[in-house]
Amino acid sequence: MVASNSRKPDQKPHAVLVCFPLQGHVNPSVHLACKLAEKGFTITFINTQSVHRHLSKSNKQDGDDGDIFSGSRKQGLDIRYVTIPDGLPVEWDRSVNHDQFMAALLHVYSAHVEEALKGIMKSTPPVNCLIADTFFVFPGKLAKKYGLIYISFWTEPALVFTLYYHLHLLKLNGHYGCTDVRKDEIDYVPGVGSIQPKDLMSYIQETDTTTVSHQIIDTAFADARDHADFVLCNTIEEL
């Protein structure tokens, strides 16, 4: 099913928000969902069963079945909550099996997201856009397949996004992905002042860039560069 991005004047915009299943990504995604719902959006929030299980243990209240948006709905916000598998057993400890978890997100998770999206596309109001964490490798293809606007949501400061976004420049200039990485000042990244290599994010400073995490970074930012219609950053202006 392919959506139409045009909507009737009396229809609410409907966004599907796919949260990256790590704690530092969940809170900003929940806040974004609530902010958009306050502005009149219908939001369908996709979470993993594993993250839902952990949240339910710490936040469950009587009668809400661990639904993190039950309170928001009581306040009149139209936020729907969907949980899906991430490709691994729910009880499996992801914190001590990081590489296997990342591999599942890289190779398996997109199929579960698409299966959920197929069902959500049949709901009302019609879905208009897909908002997905920038670290996912698949949103651009899914959005194109279903005729949705794709909004890449970066949960960290915009400066960090800019550095990851221009990884190709860091590679080209020998500051990333090389056996003999340069140690001199970096002064060529658009929108970023001169910085030292030691100030780069830890993943960019690593010499082994063949890990599953680096595969995700490279593929995800290529997807954002090539396919995102908009990028939202969880950032602040300098005081």
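The values are calculated or read from the model by the stated rules, or taken from the named source; none is laboratory data. Predicted model, so just to flag it, every value in this text is computed and none were measured. All Cβ positions, glycine included, derive from the backbone under ideal geometry; neighbour counts span all protein chains shown.
Things worth noting here:
- Among the residues of segment 65-79, those identified as crowded, with 18+ Cβ neighbours inside 10 Å and at pLDDT 95 or above are Leu77, Ile79.
- Residue ID - surrounded by the most Cβ atoms within 10 Å (Cβ to Cβ), chosen from residues in segment 94-113 that are in a loop (DSSP other than H, G, I, E, B) and in contact (Cβ under 8 Å) with a residue 12 or more places away in the chain: Arg94
- For first residues located in segment 206-235 and touching a residue at least 60 places away in the same chain (Cβ under 8 Å), partners that are assigned to a loop (DSSP other than H, G, I, E, B) and of a type in the set (Ser, Thr, Tyr) and lie 6+ apart or on another chain with Cβ distances below 7 Å form the pairs Ala220/Thr134; Ala224/Thr134; Asn234/Thr155.
- Residue count for segment 71-98, restricted to those that are polar (S, T, N, Q) and over 22 Å from the mean Cα position of the chain (by Cα): 1.
- Glu91 passes every criterion in (1) part of a loop (DSSP other than H, G, I, E, B); (2) modelled with pLDDT of 95 or more apart from (2).
- Positions within segment 192-210 being among the hydroxyl-bearing types (Ser, Thr, Tyr), assigned to a loop (DSSP other than H, G, I, E, B) and loosely packed, with under 15 Cβ neighbours inside 10 Å, in sequence order: Ser194, Thr207, Thr210
- Complete set of residues in segment 6-18 that are at pLDDT below 60 and surrounded by 13 or more Cβ atoms within 10 Å (Cβ to Cβ): Arg7
- Test: Asp62 is part of a loop (DSSP other than H, G, I, E, B), over 21 Å from Leu36 (Cβ atoms) and modelled with pLDDT of 90 or more: no
- Filtered by the rule that a residue be at pLDDT 95 or above and over 14 Å from the mean Cα position of the chain (by Cα), segment 228-237 gives a lone residue, Asp229.
- Residue satisfying condition, being within 16 Å of Thr48 (Cβ to Cβ) and not in a helix (DSSP H, G or I), within set Ala116, Ala132: Ala132
- Between Val231, Val181, Val189, the distinction of being over 22 Å from Cys19 (Cα atoms), touching a helix residue (DSSP H, G or I) at 6+ places or on another chain (Cβ under 9 Å), surrounded by fewer than 18 Cβ atoms within 10 Å (Cβ to Cβ) and of a type in the set (A, V, I, L, M) belongs to Val181 only.
- Candidate set: segment 137-174, residues that are in a loop (DSSP other than H, G, I, E, B) and touching a helix residue (DSSP H, G or I) at 6+ places or on another chain (Cβ under 6 Å); chosen: the one farthest from Thr42 (Cα to Cα): Val137
- Meets criteria (touching a residue at least 12 places away in the same chain (Cβ under 8 Å), of a type outside the set (D, E, K, R) and surrounded by fewer than 21 Cβ atoms within 10 Å (Cβ to Cβ)) for Val90: yes
- Only residues that are under 15 Å from Glu156 (Cα atoms) and part of a helix (DSSP H, G or I) were counted across segment 15-49, and they come to 10.
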